[in-house]
1. Could you give the accessible area per residue of the chain, probe 1.4 Å, as a whole number in Å²?
2. Pairing the Cα long axis of helix 11-30 with the longest principal axis of the chain, what angle in degrees results, from 0 to 90 and rounded to the nearest 10?
3. Evaluated at 10 °C with a viscosity of 1.306 mPa s, what Stokes-Einstein diffusion coefficient in µm²/s does the chain have when Rh comes from the Kirkwood expression over alpha-carbon pairs?
4. Whenever you get a sec, compute what percent of the accessible area on the chain sits on carbon and sulfur atoms (1.4 Å probe).
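The values are calculated or read from the model by the stated rules, or taken from the named source; none is laboratory data. Values in this document were obtained by computation on a predicted structure and should not be read as measured data. For accessibility, only protein heavy atoms count, side chains too; no ligands or nucleic acids. Shrake-Rupley method; radii C 1.70, N 1.55, O 1.52, S 1.80 Å.
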Amino acid sequence: MLEFELQPSRYALYAPLNGLGCILVLLYITVKPLCFFILAVSLLLSFWFFWKTKRQIIAIAEFEKNIWTVVYSDCKKEKFNITYTVNHRLYIIFHTTSHNVIIWQDQLSKKDWKKLVLFTKLYPHFKE
């Protein structure tokens, strides 16, 4: 049985901020300064609002071969069936029927990250 305590991820914050930065650079080149200022403030505020209202995963554990449970920061638990996993080296995605769970590399210790990578190599696809 696999069990992981997750730390808050810095990578999950930096990735969308880099994309937002690229959008802001393109806006700066194409629009007038006042419009740019208004668009930049509105984009940053919407990103901040989205980031603060998003539920953070604090723990994930395996019950059976493809049944996992997730504990969110608001203390709610959710069980789900994994259909397949994808390892993108910087993060791992658990694809489920209802949503996807992304675990970033900086959320786990090196030992736990290696366990999770090994799990994705051994069980990339699950049969229902």
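1. 70
2. The answer is roughly 20 degrees.
3. Calculated translational D: 96 µm²/s.
4. 63
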